[in-house]
Amino acid sequence: MLTAVADDSEQLPASAGRRVVVTGLGVISSVGVGVAEFLSGLRAGRSGAKPITGFPTDGYDHAIACEVVDFDPARWMAHLDPAELGRASQFSVAAAGMALEDAGLTAPDLLGRHGLISIGTTNGETRELDRLVEQEVTGGPERMDPAIARRVNAGRLSAAVARELGLTDVEAVTIPTACAAGNYAIGNAFDAIRAGEAAFAVCGGADALCRKTIAGFYRLGAMAPDRCQPFDKNRQGMLAGEGAGVMLLEDLASARARGARIYAEIIGFALNCDADHPVAPNQDSVARCMELALHNAGVKPDQVDFISAHGTATRANDVVEARAIRQVFGPAPPRTVSVKSMLGHALGAASALAAIGCALAITEGFIPPTINHVETDPECEIDCVPNTAIEASPRIVQNNALAFGGNNAVLILSKFEEHA
Amino acid sequence: MTAPIPADGHPVITAWHAISPFGKRRADFVDGLRAGRATAAALDAASDHGPDRHACLVPDFDIPEVLGRKGTRAMDRITGLAIVAIGQLLHASGGSETAGSAGESREDLAVVLGTTAGSVQSSMDFTRSSLLAEKPFYVDPGVVPNSVMNCAAGHAAIWHGIKGPNATVAGGRLAGLLALNYGRRLLNSGRARAVLCGAVEEHSSARAWLEHHSRADPAPRDTVLGEGCAVLVIRPPGLAVAGERPAAEILAVDSRVHIDGEPRETAAACVAHALKRAGVRAEEVWAVAPGGASGPAGQGEHRALEAMCGGAIWIRCASLIGDTGAASAMFQIAAVLSTADRAPDSAGRVAVVTAAERDGTVACAVLRLLGGGSFE
């Protein structure tokens with residue numbers, strides 16, 4: 001059981017807030033479903049890239065993506081009918097159930113406690129919208145399938161989690177802040193628990209690969225032909241991905257009280273906006289977001305053991321992000337890796353999956369690699385841990401996320417130590 | 001005007017704007033609501049508005065005309081509405097309505113916008129263009145950002161140079177209340193000194209078709225579809241501008257999810273919990289503003305409020321401005337503030353704003369009216 005959440009009268013000011021710990025993880029990814037598969041994938045530097053099978057890709061010169069291919073939604077749903085949900089909601093529900101189970105909790109343990117379900121996404125159920133457009137193009141708008149039309153509201157990514165878990169006393173919120181959404185959703189949960197507003201949070205991100213994503217990124221020239229090579233001199237762009245990463249967060253007192261395994265502690269978060277360009281990141285603004293997060297965490301740049309970069313492998317992102325990192329961390333920044341080299345860009349799920357990777361790296365004592373790496377771009381000038389994971393004992397880790405709309409969000413995780 | 005200005009405790013609403021089917025100015029909203037003026041009108045048969053013949057549209061909202069030609073070629077209606085509404089709050093004359101009037105820099109100012117699924121028209125148009133093109137990637141690169149749900153918030157920040165937290169929250173009819181809670185949490189966490197907290201919805205053929213197909217019952221809707229954007233300025237307790245009397249205090253925001261049993265019970269639990277956290281008894285509630293969705297969710301909400309706050313004034317704006325989707329709860333708040341503004345005895349009293357979605361989510365905000373935030 002979790003300890004009871006305080007009434008508002010007992011709320012602590014944010015500056016002296018509760019400690020927030022990660023006690024459960026759930027993963028649906030292109031390198032495997034479940035924490036164990038995901039961990040072995042990160043350690044081995046496995047690539048999730050393969051030809052797209054979810055929808056026709058005729059007309060593209062290349063259509064490789066990091067698709068989830070071994071996912072059976074029915075396996076993860078005892079109460080909801082998978083046919084009621086779009087693919088992104090299926091991912092979020094499954095990963096949430098997995099995170100709860102991984103935390104050693106069952107839904108009845110959470111009854112009577114006020115919680116937060118905070119799920120980030122880029123496209124929500126756009127894959128379902130795409131299907132409606134296909135129906136409209138062939139049969140006219142009258143022929144759209146009502147069952148699909150009822151799946152499209154993005155709010156369902158979080159509401160469905162509550163319904164599957166049978167949790168009524170929860171704030172279910174979906175945060176569609178594009179490719180930084182996972183960090184946003186975790187940051188929102190961090191703030192809620194730290195302030196004593198929620199006893200637990202099920203938080204992360206989910207996205208399903210869709211036609212719109214492929215067409216858009218391909219047209220923008222951002223899509224690599226076959227592999228994703230962050231920070232490489234000859235990188236050719238991103239690969240689209242999909243999946244979900246969900247964490248169970250709770251305050252330290254409740255984790256202690258029930259003797260929970262603690263993967264990591266969340267110690268800081270920041271978000272800001274470039275207010276500059278709709279798609280191109282702004283170096284100063286990205287640097288500022290990192291500084292705000294470090295300040296929020298109360299750590300100095302030289303305490304960070306590695307950075308999990310946004311690292312999309314587009315020409316623009318990697319240079320701007322690496323320069324922003326040097327701006328904050330100086331000429332010898334910490335190792336800076338991109339798990340997108342393995343997972344592709346799972347959009348709203350991306351930074352949630354990366355945050356889970358950070359928590360696992362802290363727990364298991366390694367730094368995940370940046371695969372497909374041949375030669376570091378001299379304009380990036382970072383040690384991206386090329387191709388092979390390294391054994392290490394990271395204590396403090398920074399997880400970056402950047403998005404269209406200039407939406408930046410940075411999360412700081414730490415090894416859990418009794419006396420922080 | 002007798003309520004004291006709170007020095008600490010709860011965040012406050014210090015200003016608001018609504019661009020609605022009543023018109024682009026806040027005064028249009030206040031006057032339209034006061035007059036009970038219905039805005040549903042026949043749609044132009046020549047253009048594609050989907051399955052409906054009537055809608056409540058923001059009048060004369062031609063984006064290039066309102067915002068100029070520069071940077072608006074590919075702008076969708078949601079984005080245009082949000083930019084205009086936020087701009088009104090930032091640049092309104094009189095100082096007291098300026099979001100930056102407390103002296104915070106644009107780094108300390110946040111934007112939070114509620115949505116259902118962004119512009120479904122933009123998203124579906126984009127996919128259609130890809131499906132119909134000779135090659136699937138022969139699409140307009142200029143509209144790629146429009147098809148992402150944070151487009152309106154991100155663009156509004158670019159347009160107005162707002163560099164603080166920039167967030168979008170999705171929740172259909174709950175979106176406004178979820179945005180309010182997200183904004184309140186940003187303030188509580190010290191991540192912003194003021195939040196432009198709003199919700200926006202556009203009318204489009206795509207949205208009308210989705211709405212048409214999603215309805216469980218074949219009966220005609222009680223209200224036609226509407227559109228618009230309502231935005232509040234919210235500030236932490238004690239940070240209100242000197243001499244500026246806030247419009248309301250945000251005492252509590254609660255939301256929950258209906259699992260089983262009667263929807264009425266979930267709605268009642270939500271309202272009861274919010275009132276308890278606010279420290280207010282149900283019989284003290286001066287006004288209620290329900291979302292009024294059709295179907296079991298809306299009926300449950302209605303019955304819960306009737307049983308708990310039956311004696312309160314009921315404020316309904318959907319019958320006048322239509323079903324404004326993601327913007328509806330924020331319009332409900334605007335309607336409460338508008339109504340309070342012409343009821344001097346409302347100062348110090350409490351209003352309850354609720355929303356219920358057919359996916360099972362319900363939310364409730366409890367506001368204490370402070371008699372300020374006046375528009376004239």
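The values are calculated or read from the model by the stated rules, or taken from the named source; none is laboratory data. Not measured: the values here are computed from a predicted model. Note: ideal-geometry Cβ built from the backbone for every residue, glycine included; neighbour counts use all protein chains shown.
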(Q) Whether any residue in region B:182-203 is surrounded by fewer than 24 Cβ atoms within 10 Å (Cβ to Cβ), more than 7 Å from chain A (Cβ to nearest Cβ) and under 22 Å from B:Gly80 (Cβ atoms) is what I want to check. (A) no
Q.
Exactly one condition in (1) touching a residue at least 40 places away in the same chain (Cβ under 8 Å); (2) away from every other protein chain (no Cβ under 14 Å); (3) farther than 24 Å from B:Met124 by Cα is false for A:Arg75; which is it?
A. (1)
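If I ask for residues that are facing chain B (nearest Cβ under 9 Å) and of a type outside the set (D, E, K, R), which ones from region A:188-212 would you list? Even if it seems obvious, please write down each step before you answer.
Residues of region A:188-212 facing chain B (nearest Cβ under 9 Å): A:188, A:190-192, A:194-195, A:197, A:210-212.
Answer for region A:188-212, where residues must be facing chain B (nearest Cβ under 9 Å) and of a type outside the set (D, E, K, R): A:Asn188, A:Phe190, A:Ala192, A:Ala195, A:Cys210.
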Q: Might you let me know whether region B:120-131 holds any residue that is in a helix (DSSP H, G or I), β-branched (Val, Ile, Thr), crowded, with 24+ Cβ neighbours inside 10 Å and at the interface with chain A (Cβ under 7 Å from one of its Cβ atoms)?
A: yes
Q: Tell me which residues, restricted to region B:25-59, are farther than 11 Å from B:Ile321 by Cβ, in contact with a helix residue (DSSP H, G or I) (Cβ under 7 Å, 6 or more places away or on another chain) and not in a helix (DSSP H, G or I).
A: B:Gly36, B:Asp48, B:His49, B:Gly50, B:Pro51, B:Asp52
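Within the group A:Asp130, A:Asp70, which residue is assigned by TED's automatic domain parsing to the domain that holds A:Ala172, surrounded by fewer than 19 Cβ atoms within 10 Å (Cβ to Cβ) and in contact (Cβ under 8 Å) with a residue 24 or more places away in the chain?
Numbers: A:Asp130 fails: surrounded by fewer than 19 Cβ atoms within 10 Å (Cβ to Cβ).
Answer to the selection: A:Asp70.
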Q: Could you tell me whether A:Ala313 is crowded, with 24+ Cβ neighbours inside 10 Å, assigned to a helix (DSSP H, G or I) and either at pLDDT 95 or above or small (Gly, Ala, Ser) (or both)?
A: no
Q) Does B:Ser255 qualify as being polar (S, T, N, Q), over 26 Å from B:Leu89 (Cα atoms) and at pLDDT below 95? A) no
Q.
So if I check each of A:Glu391, A:Glu375, which one is touching a Lys or Arg at 6+ places or on another chain (Cβ under 8 Å), more than 17 Å from A:Met238 (Cβ to Cβ) and in contact (Cβ under 8 Å) with a residue 12 or more places away in the chain?
A. A:Glu375
Q. Can you tell me which residues in region A:218-252 are more than 13 Å from A:Ser341 (Cα to Cα), within 14 Å of another protein chain (Cβ to nearest Cβ) and assigned to a loop (DSSP other than H, G, I, E, B)?
A. A:Leu220, A:Gly221, A:Ala222, A:Pro225
Q) In region A:247-260, is there at least one residue being within 21 Å of A:Gly115 (Cβ to Cβ), over 16 Å from the mean Cα position of the chain (by Cα), crowded, with 24+ Cβ neighbours inside 10 Å and aliphatic (A, V, I, L, M)? A) yes
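Among the listed residues A:Ala215, A:Ala275, which satisfies the condition of being facing chain B (nearest Cβ under 10 Å), without any contact (Cβ under 8 Å) to a residue 60 or more places away in the chain and closer than 29 Å to B:Ser123 by Cα?
Values: A:Ala275 fails: without any contact (Cβ under 8 Å) to a residue 60 or more places away in the chain.
After ruling out the rest, the residue left standing is A:Ala215.
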**Q.** Those residues of region A:278-296 which are assigned to a helix (DSSP H, G or I) and within 13 Å of chain B (Cβ to nearest Cβ), in sequence order
**A.** A:Asp284, A:Ser285, A:Val286, A:Ala287, A:Arg288, A:Cys289, A:Glu291, A:Leu292, A:Ala293, A:His295, A:Asn296
**Q.** Candidate set from region B:329-376 (those that are of a type in the set (S, T, N, Q) and touching a Phe, Trp or Tyr at 6+ places or on another chain (Cβ under 9 Å)); member that is nearest to the other protein chains (Cβ to nearest Cβ)
**A.** B:Ser346
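Test A:Ile267 against the criterion of being more than 8 Å from every other protein chain (Cβ to nearest Cβ), of a type in the set (A, V, I, L, M, F, W, C) and part of a strand (DSSP E or B), and give yes or no. Reasoning before the result, please.
Details: more than 8 Å from every other protein chain (Cβ to nearest Cβ): yes; of a type in the set (A, V, I, L, M, F, W, C): yes; part of a strand (DSSP E or B): yes.
So A:Ile267 passes the test.
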Q) Since A:Ala36 meets every condition but one in (1) surrounded by fewer than 19 Cβ atoms within 10 Å (Cβ to Cβ); (2) within 23 Å of the chain's Cα centre (by Cα); (3) not in a helix (DSSP H, G or I), which condition does it not meet? A) (3)
Q. So B:Leu33 clears everything in (1) away from every other protein chain (no Cβ under 14 Å); (2) touching a residue at least 24 places away in the same chain (Cβ under 8 Å); (3) under 15 Å from B:Ala208 (Cβ atoms) except one condition, right? Which one?
A. (3)
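One line per residue, one yes/no per condition, for (1) more than 22 Å from B:His160 (Cβ to Cβ); (2) modelled with pLDDT of 95 or more; (3) crowded, with 21+ Cβ neighbours inside 10 Å:
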{"site": "B:Ala35", "(1), (2), (3)": "yes, yes, no"}
{"site": "B:Ala45", "(1), (2), (3)": "yes, no, no"}
{"site": "B:Asp48", "(1), (2), (3)": "yes, no, no"}
{"site": "B:Ile63", "(1), (2), (3)": "no, yes, no"}
{"site": "B:Gly71", "(1), (2), (3)": "no, no, no"}
{"site": "B:Ile86", "(1), (2), (3)": "no, yes, yes"}
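For region B:156-167, how many residues are closer than 12 Å to A:Pro278 by Cα, crowded, with 24+ Cβ neighbours inside 10 Å and within 7 Å of chain A (Cβ to nearest Cβ)?
Pass one, region B:156-167, residues closer than 12 Å to A:Pro278 by Cα: B:156-159.
With the extra rule that they be crowded, with 24+ Cβ neighbours inside 10 Å, the set shrinks to B:156-157.
Those still in the list that are within 7 Å of chain A (Cβ to nearest Cβ) too: B:157.
Residues flagged as closer than 12 Å to A:Pro278 by Cα, crowded, with 24+ Cβ neighbours inside 10 Å and within 7 Å of chain A (Cβ to nearest Cβ) within region B:156-167 amount to 1.
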Q: Being part of a helix (DSSP H, G or I) and under 21 Å from the mean Cα position of the chain (by Cα) is the filter; apply it to region B:132-155 and report the residue that is nearest to the other protein chains (Cβ to nearest Cβ).
A: B:Gly154
Q: Within region A:291-331, work out how many residues are within 28 Å of A:Arg227 (Cα to Cα) and of a type outside the set (Phe, Trp, Tyr).
A: 21
(Q) With the requirement that a residue be crowded, with 24+ Cβ neighbours inside 10 Å, more than 7 Å from every other protein chain (Cβ to nearest Cβ) and among the β-branched types (Val, Ile, Thr), what does region A:139-182 give you? (A) A:Val161
Q | Number of the condition not met by A:Glu381 [criteria: (1) assigned to a loop (DSSP other than H, G, I, E, B); (2) surrounded by 18 or more Cβ atoms within 10 Å (Cβ to Cβ)] | A | (2)
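Taking region A:42-56 as the region of interest, how many residues are in contact (Cβ under 8 Å) with a residue 12 or more places away in the chain and within 12 Å of another protein chain (Cβ to nearest Cβ)?
Taking region A:42-56 first, the residues in contact (Cβ under 8 Å) with a residue 12 or more places away in the chain are A:42-55.
In the following step, the residues that additionally are within 12 Å of another protein chain (Cβ to nearest Cβ) were identified as A:52, A:55.
Count: 2.
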Q: Hey, can you tell me all the residues within region A:298-330 that are under 20 Å from the mean Cα position of the chain (by Cα) and more than 22 Å from A:Phe366 (Cα to Cα)?
A: A:Ala313, A:Thr314, A:Asn317, A:Asp318, A:Glu321
Q) Can you name the number of the only condition in (1) in a loop (DSSP other than H, G, I, E, B); (2) in contact (Cβ under 8 Å) with a residue 40 or more places away in the chain; (3) among the small types (Gly, Ala, Ser) that A:Gly59 fails? A) (2)
